[in-house]
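Student: What follows is a single structure, and I will ask about it in a moment.
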Amino acid sequence: EIVLTQSPDTLSLSPGERATLSCRASPSVSSVYFAWYQQKPGQPPRLLIYGASTRATGIPDRFSGSGSGTDFTLTITRLEPEDFAVYYCQQYGSSSLSFGGGTKVEIK
Amino acid sequence: QVQLVQSGAEVKTPGASVKVSCKTSGYTFSKYGVNWVRQAPGQGLEWMGWISGHNGNTAYAQKLQDRVTMTTDTSTSTSYMELRSLISDDTAMYYCARGGGVVPTVHFDSWGQGTLVTVSS
């Protein structure tokens with residue numbers, strides 16, 4: 001089973017600042033099978049990034065994904081008020097899919 | 001537009017079973033699969049399993065494979081998830097999400113609204 005570890009648990013930032021979220025995979029994952037999701041309170045998750053770096057339909061370009069193998073990153077260049085939420089990474093490269101534990105991006 | 005609409009909240013006693021439905025629309029059911037994901041209160045996401053809309057093949061999380069069954073009704077484009085021998089730790093929001101049609105190794109691009117299952121004596 002592939003274990004995904006996200007860091008930090010919580011990121012306290014102000015609107016307009018840059019957010020950098022990390023996800024480490026053990027063992028490694030092909031970047032083809034890696035995604036990021038955003039979840040706001042009371043809502044289902046929403047797909048942001050798939051294939052490690054491809055934005056999903058309708059996702060603004062302030063969101064970007066990068067990485068390969070064991071280390072992946074989600075970057076939000078300038079935080080908007082609606083970006084404060086919990087973010088999950090996911091691998092879907094094996095028949096047993098898995099999510100990271102999540103990073104909460106909160107307003108400082 | 002793509003929609004996944006889930007059945008309503010359930011309250012069950014320990015040892016019982018629950019069956020949650022996920023009715024899909026806006027796309028060709030047989031070209032995609034349905035994944036089931038649960039989220040305990042205040043916790044993260046846990047993948048439960050996947051069922052193909054093409055041929056009914058399934059892949060279950062090892063932790064749940066003895067208690068979960070996923071099925072589809074192609075005539076109504078609906079997927080079902082049944083969880084048996086419920087315990088209090090099964091209390092969670094249960095989501096369905098669209099994924100791969102032939103293999104489970106595809107991202108989840110649309111989600112249902114969630115079904116709250118509460119297990120309590």
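Student: Sum up the charges of everything whose Cβ sits under 12 Å from the Cβ of B:T78, counting Lys and Arg as +1 and Asp and Glu as -1, but leave B:T78 out. Don't skip to the end; give the middle numbers.
Tutor: Working: positive: B:K19, B:K23; negative: B:D73.
Summing Lys and Arg as +1 and Asp and Glu as -1 gives +1.
Student: Let's see if you can work this out: charge +1 on each Lys and Arg Cβ, -1 on each Asp and Glu Cβ, no other charges. What is the dipole magnitude of chain A about its Cα centre, in debye to the nearest 20? Before the final figure, lay out each step's value.
Tutor: Numbers: 9 positive and 9 negative charges, 21 e Å.
Roughly 100 debye, rounded to the nearest 20.
Student: If each residue's Cβ is checked for other Cβ atoms within 10 Å, how do B:K23, A:K40 rank with the fewest at the top? Please list the in-between numbers first.
Tutor: Working: B:K23 17, A:K40 13.
Ranking B:K23, A:K40 by Cβ neighbours within 10 Å, fewest first, gives A:K40, B:K23.
Student: Separate question: Place a +1 charge on the Cβ of each Lys and Arg in the range B:19-81 and a -1 charge on the Cβ of each Asp and Glu, then give the dipole magnitude about the Cα centre in debye, rounded to the nearest 20.
Tutor: Numbers: 6 positive and 3 negative charges, 12 e Å.
Value, rounded to 20: 60 debye.
Student: Quick check for the protein assembly as shown: number of Lys pairs with alpha-carbon distance under 19 Å, counting only pairs 8 or more apart or on different chains?
Tutor: 4
Student: Computed on alpha carbon atoms, what radius of gyration and Dmax characterise the range A:1-63, expressed in Å?
Tutor: Computed over the Cα atoms of the range A:1-63, radius of gyration and Dmax are 13.0, 38 Å.
Student: Same structure, new question: About its Cα centre, how strong a charge dipole does the protein assembly as shown have in debye, to the nearest 20, once Lys and Arg get +1 and Asp and Glu get -1 at the Cβ? Show your work: numbers first, answer last.
Tutor: Values: 18 positive and 17 negative charges, 43 e Å.
Using only the charged Cβ atoms, the result is roughly 200 debye.
Student: If you plug each phi of the range B:96-109 into the Karplus form 6.51 cos²θ - 1.76 cosθ + 1.60 with θ = phi - 60°, what whole-Hz ³J(HN,Hα) values come out, in order, with x for Gly and Pro?
Tutor: Along the range B:96-109, the couplings run 9, 8, 6, x, x, x, 10, 10, x, 7, 9, 5, 9, 9 Hz.
Student: Just to verify a number: FRET efficiency for A:T57 and B:E10, C-beta to C-beta distance, R0 = 22 Å, to 0.05? Show your work: numbers first, answer last.
Tutor: Numbers: r = 32 Å, r/R0 = 1.47.
Given R0 = 22 Å and the Cβ-Cβ separation, E is 0.10.
Student: For q values of 0.09, 0.23 Å⁻¹, compute log₁₀ I(q)/I(0) with the Debye formula on a Cα-only model of chain B, without solvent.
Tutor: -0.21, -1.37
Here, each number is a calculation from the coordinates, and none is a lab measurement. Not measured: the values here are computed from a predicted model. Cβ: placed from backbone, ideal geometry, glycine included. Neighbour counts: every protein chain shown.
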